[in-house]
1. Tell me which strands (runs of 3 or more DSSP E) are completely within region A:33-94 and hold 2 or more residues being within 16 Å of ligand 1 (Cβ to nearest atom), within 14 Å of the chain's Cα centre (by Cα) and within 13 Å of chain B (Cβ to nearest Cβ), or say none if there are none.
2. Is one or more of the residues making up region A:145-156 at pLDDT below 95 and among the hydrophobic types (A, V, I, L, M, F, W, C)?
3. Is it the case, given these coordinates, that A:Gln104 is within 13 Å of ligand 1 (Cβ to nearest atom), within 14 Å of another protein chain (Cβ to nearest Cβ), open to solvent by 50 Å² or more (accessible area, probe 1.4 Å) and of a type outside the set (Gly, Ala, Ser)?
4. Please identify the pairs in which a residue from region B:159-172 that is under 13 Å from B:Leu98 (Cα atoms) has its Cβ atom under 7 Å from the Cβ atom of a residue that is surrounded by fewer than 22 Cβ atoms within 10 Å (Cβ to Cβ) and among the aromatic types (Phe, Trp, Tyr), counting only partners at least 6 apart or on another chain.
5. So, of the residues in region A:1-32 that are near ligand 1 (Cβ under 8 Å from one of its atoms) and open to solvent by 70 Å² or more (accessible area, probe 1.4 Å), which turns out to be farthest from the other protein chains (Cβ to nearest Cβ)?
6. Looking only at region A:167-200, count how many residues are open to solvent by 50 Å² or more (accessible area, probe 1.4 Å), under 14 Å from the mean Cα position of the chain (by Cα) and within 13 Å of ligand 1 (Cβ to nearest atom).
7. Considering (1) away from chain A (no Cβ under 14 Å); (2) open to solvent by less than 10 Å² (accessible area, probe 1.4 Å), say which one B:Phe156 fails and leave the rest.
8. Looking only at region A:88-134, which residues are within 16 Å of ligand 2 (Cβ to nearest atom) and within 23 Å of B:Leu133 (Cβ to Cβ)?
Amino acid sequence: MSCDTGIRIEGLLKRFGERTILDRINLDIAPGERIVIIGPSGTGKSTLLRCLAFLDRPDAGLIGVGDLEVEASKASRREILALRRRTAFVFQNYALFANKTARQNITEALTVVKRMSQADADARADAILAEIGLADRGDAYPAALSGGQQQRVGIGRAMALEAELMLVDEPTSALDPEWVGEVLDLLRRVAAHQTMLIVTHEMQFAREIADRILFMDGGRIVEEGPPAAIFERPQDARLQTFLRRVG
Amino acid sequence: MVVDLEYMASLVPVILRYVPLTLGMAIISMAIALVLAAALAIVRVLRVPVADRIVAVYISFFRGTPLLVQLFLFYYGLPQLLPAARSIDGVTAAVIGLTLHFSAYMAESIRGAILGIDRSQWEAGASVGMTELQLMRRIILPQAARVAAPTLLNYFIDLIKSTSLAFTLGVTEMMGAAQKEAAGSFRYLEAFLVVALIYWAIVEALSFVQRRMEVRLARAFVR
Ligand SMILES: Nc1ncnc2c1ncn2[C@@H]1O[C@H](COP(=O)(O)OP(=O)(O)OP(=O)(O)O)[C@@H](O)[C@H]1O
Ligand SMILES: [Mg+2]
């Protein structure tokens, strides 16, 4: 599928006012790797994802995706756009374009950003609609879809971009419990051929999907490792406490 | 009888002949003002350097001074400044004045509507790599237009009524025609009453459209 290359994050720093939210994060992601971030509320997990797509502007650090390197402190408009065009984002609150149908949500970036022909974009959207189980709902506006359906369109929109890195922020935490399963199932399938950075509180899902798990606390990556190590042999006391609490 | 109904009835077809001029001025002014207002609103929302300050002053001036004064400035004042404007006729001056005046008001309501669009829409557009202008044109403005539409239609109604001020620039529109008729018959009450009734009918028709539109807008983007 997408032409994956590595991702490098060095010394990523983000402050809101006096508070340091991301405290010089370092992280390398291998092509095809699936990384899950866990950690207590307010530790900067969302901020990390948002900074990687420049939805929040990092104060310092380096973000490298493939052959693109962006120095956060002096990133130009063009560099930010280029970075965003190599990443895709799945939002906690879906954030579908309210004035576009499910199909148009998927084709929008293909025609406008990637300059694909409308026919090609529609064909691609139809394939994706089938993949996300919404082949018959392509003409529906977001307001007419269930939460689970909306989030599947959100994932479909991100899939269509064939991005080098898909950023997924708590994809199920705004959903009614009845829709959580279908969204996680879809993400499992997408993860088979997509480099991903996922924030989730679904520990079972994290364990299944992750090649590597990062535990964040206080704006830092406190501990990282394969799921087995993180869940069965947690080292840091904060991670042990966190796992007991969600456990 | 105090009011000569028969005379009024005979005036109606005479005054009605000027309705196309009134509506023409209103529609042209509205069309240009809408495009201008959208551009002004975008400049303000995106805080385009320098232009933002200029637009702020523009809006402040056209909202802060009476329309009649603005019309006089364009009709009588402009030729003094620009010799090329010496040949400007009343209709053109009225259209320019109405356009600029109403674009300032409409820019503010479009800006308000844009600012009311949920932040998630901006972030979603940014996340797929759209530029600010692409986002504005394809995602934000279409949604803002639905929010602003009832208000904009109110301004259109206001604009239609304001075309009567073209009378003061020597344009023979409905008011001018009524004035001429009344000058011959000395029946001012009847003549201006006919003008009032025709305006009222036009506005009522538009209000009907407006109510229907609001029902449809409430259902927009749901299927
Ligand atoms: N725009 C902002 N302005 C000021 N502070 C902010 C802003 N956005 C986030 N923060 C603060 O940054 C900290 C980290 O927030 P973030 O959303 O990244 O946490 P999180 O780990 O995703 O938490 P959760 O699990 O609750 O989603 C929080 O304390 C939050 O209050
Ligand atoms: Mg979060």
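1. A:87-90
2. Checked region A:145-156: no residue is at pLDDT below 95 and among the hydrophobic types (A, V, I, L, M, F, W, C).
3. Against the criterion (within 13 Å of ligand 1 (Cβ to nearest atom), within 14 Å of another protein chain (Cβ to nearest Cβ), open to solvent by 50 Å² or more (accessible area, probe 1.4 Å) and of a type outside the set (Gly, Ala, Ser)), A:Gln104 does not qualify.
4. B:Lys161/B:Tyr199
5. Step by step, filter region A:1-32, then rank; the result is A:Arg19.
6. Residues meeting the conditions: 1.
7. (2) is the only condition that B:Phe156 fails.
8. Within region A:88-134, A:Phe89, A:Phe91, A:Ala95 qualify.
The values are calculated or read from the model by the stated rules, or taken from the named source; none is laboratory data. Quantities reported herein were computed from a predicted structural model and do not represent experimental measurements. Here the Cβ is made from the backbone with ideal geometry for all residues, glycine too, and neighbour counts use every protein chain on show. These area figures cover heavy atoms from the full protein model, side chains too; ligands, DNA and RNA do not enter into them. Shrake-Rupley method; radii C 1.70, N 1.55, O 1.52, S 1.80 Å.
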